[in-house]
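Colleague: Have a look at the structure that comes next, please.
The values are calculated or read from the model by the stated rules, or taken from the named source; none is laboratory data. Only a predicted model underlies this, so the values are computations on that prediction, with no experimental measurement involved. Here Cβ is always computed from backbone atoms with ideal geometry, including for glycine, and neighbour counts include all displayed protein chains. Areas reflect the complete protein model, heavy atoms only, side chains present, ligands, DNA and RNA absent. Shrake-Rupley method; radii C 1.70, N 1.55, O 1.52, S 1.80 Å.
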Amino acid sequence: MHSDSNLKASQTFTSISSQSWGQGLVLLFLFIALPLTLTSCGGGDTKDESKSSGKGLESSMKRAEDARDAAKEEGADELYPDEFEEAEGFIAEAKEKIEEGKEKTAKSRLSKARSRFATLIKKCESYNKAEEEFAEADEAVKKARALADQAQAGVNAKDEYSKATADYSKIYASYEEETDSGKIKSLARKLKYLENTFKSIATRAKDNKLIKEKAEQELKALAQLKKEAIEAEAEKYALRTFKDAEQLERGGTTDLKNGRFQQAYADLQRATTLFTDAIQQAKSEKKFQEQLASNNNGSNPQNNGNPNPQNPVNDNGSSDPDVAVNDNDTDTGPDLSGLTDEEIIIAENIGKLLPSLASKISNYDPSTGEVTLNYGEGKTLQKDVSKAHKNMDFRNTMIPKSSTPKPTPQGLQPPGNNQNEPTGDVSFMAHTGGAFVIPIPLKSDLTIQFTTQVLTMDGSGHMGPWLMVESKGKTRWYANFCTLQKFTNGSRKGTVKSTIKERNRPANNWFDKKNPIPMIVESLKDPDDEKKAIIKIFHAGEDEPSCATRIKSDTSGFIGWSWSRTKFMIMDLTIKGTIDKAKVVEILKKKGVDFGAAPKSRTKKNDKVASNTPKNSSSKRSGSSKKSSTGTTLADEFDY
């Protein structure tokens, strides 16, 4: 039994071992055969992939060549030849790599080529767009320039037109050589700016043409007025005023020839005013001389008041032949006949208000109460202002310090070829900021005439004359370029805007800084309402006011000037107005003038009364204040 069981166990073990070895052989076969099968399969796919790769290269090549043709159609080969050639080089390299079997490298080169051509196409599109913008801007400039040519800007705005034309030539020359779209767009923007410049020049040329015509008319009328002044013996009785008028006439004529029409018009207007003043002064002085001669010991006007006709008097009223004649000293006092006591005292003491009135540089007519303040010379204004500001310069600064004036047939003229250089008399220069007043109260009718040369300023800069500055400066009107502003207790309470919209912007944006600009600020009684006066601002010789407003006709006060963040020059400043007698009396009383010891009137009927007046009575009336004007504050000078 044991042997049978052992035999059976042996058979069972043998059967199991045979099965295990069989499974192992199967696994071994599979391990060896599987890689071979996979390799065999892979060999078949490589062949198919090779065909696919060839088709991909052909497609890449076609896309690259299409991109090249598109770029060429946009003009890239001409606009950007170097970049186009570089992109074509990538295609050539790709072909070489294909021949070498380096298909992957070839694909990379073709991709770069396509990218470069795409960039060139975008650049060409941007360039073409910039070209269109430039062409549009160029067309607009040509139209604006045609407007300037139509207005004869080459004559009527010569300097500005020449500069704009030169700028256009420079821009066009740069455009001809430029291919960068960004820079072309920048040039187009410059053309748009130049378009506005030509439009402004056209407008200014039209204005200048009108001003030129006015200046020519003024010059013709001036010839007749000068003739009348000569006939009125203004050269004898109002020599200084006559000579000033002649100088302005010469300056205006020169400015007119050189194309400086605004300055010419301002000079000729001023000359007209001075010739008219000279005629009036000559007539008044001549009449007074005749009255003086007829009342002097029964003598007659023919021997000029000299009781001894054998020894005639000379032009200065002296019979001594050794006494030199002073052509400028023709004043012997105003005609006081027919005036009230108060008017006589004012006439005798008006010089206590302003040194220029005392020296007769400025004029006062006691019969009308009108003063004419002539500030052609800075020194005259310097003496009259209540307190000169530290930022003011009263020297005649139109002549460069490094050179001297040269004599010409027209008189002394500043050297140099700067056609924009002012030729008028400089009343004052100022900078940074400041203010001053002229301490004589004036009322309507009032005219302030001057020429302004702005040298530099910023966006917040302002400048102009004060009008009707009342006691301690509490209330005043301010002519800030072409707008009017009212101040009360130091604060601005309102602004009257200009009728021209552009002039309501900061003056730095529109006021001409290249040329002297004539201006007039006036306050004249309203012909339609006796209780009102109208303040007006006239700019650059225009017929219509740039700004206007109504005030009470009895408003009066000092005249002054204010400025901030502006450097400027004022020339040929003249102020005409009527004194406020009541306030003048107040001021003179504070200066010690006695208004209680004057005769009732000084007419022919009471000449004896006048002659019996005590000798010291005039000294009582003319006593001056101990306080010096230069030692007072601005507020003190406002106070009357």
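Colleague: Less than 19 Å from a label point 7 Å out along the Cα-to-Cβ axis of Thr432: which backbone N atoms in region 570-588 qualify, by residue?
Modeller: Residues passing the 19 Å test: 570.
Colleague: For Glu99 and Asp365 in one chain, what is 0.36 nm times their gap in residues minus the Cα-Cα distance, to one decimal in nm?
Modeller: Full-extension gain reported as 84.6 nm.
Colleague: Here is a further query. Peptides 99-108, 479-488, 82-91: what's the order by average Cβ count within 10 Å, highest mean first?
Modeller: 479-488, 82-91, 99-108
Colleague: Can I ask one more? Assuming 0.36 nm per residue, please report the length gained on full extension of the stretch Asp512 to Glu131 beyond their Cα-Cα distance.
Modeller: Full-extension gain reported as 133.7 nm.
Colleague: Something else: What number comes out for accessible area per residue over region 220-267 if the probe is 1.4 Å? Units Å², please.
Modeller: Result: 45 Å² per residue.
Colleague: Next question. Taking a 1.4 Å probe, which of Arg476, Arg550, Arg109 shows the most accessible area, and what order do the others take after it?
Modeller: Largest to smallest exposure gives the sequence Arg550, Arg109, Arg476.
Colleague: Also: If you stretched the chain out fully between Val155 and Thr488, how much longer would it get, using 0.36 nm times the residue separation minus the C-alpha to C-alpha distance?
Modeller: That works out to 115.2 nm of additional length.
Colleague: Quick one: how many Å² of Phe511 are accessible to a 1.4 Å probe, rounded to 10?
Modeller: Surface accessible to solvent at Phe511 totals approximately 10 Å².
Colleague: Sticking with this one: Quick one: which of Lys443/Lys591; Lys390/Lys589; Lys387/Lys474 span more than 24 angstrom between C-alpha atoms?
Modeller: Going by Cα-Cα distance, Lys390/Lys589 fall outside the 24 Å limit.
Colleague: A 31 angstrom limit on the alpha carbon distance is what I want to check against. Which of Lys158/Lys576; Lys497/Lys590; Lys158/Lys185 exceed it?
Modeller: The pairs that break the limit, which is 31 Å between Cα atoms, are Lys158/Lys576; Lys497/Lys590.
Colleague: Related question: Keeping all protein chains in position, work out how much accessible area Lys206 exposes to a 1.4 Å probe, and write it in Å² to the nearest 10.
Modeller: Spelled out: Lys206, probe radius 1.4 Å, area about 120 Å².
Colleague: Between Gly433 and residues 5 or more places away or on another chain, which pairs have amide H atoms under 5 Å apart, with H built 1.01 Å from N, and which residues are they?
Modeller: Arg565
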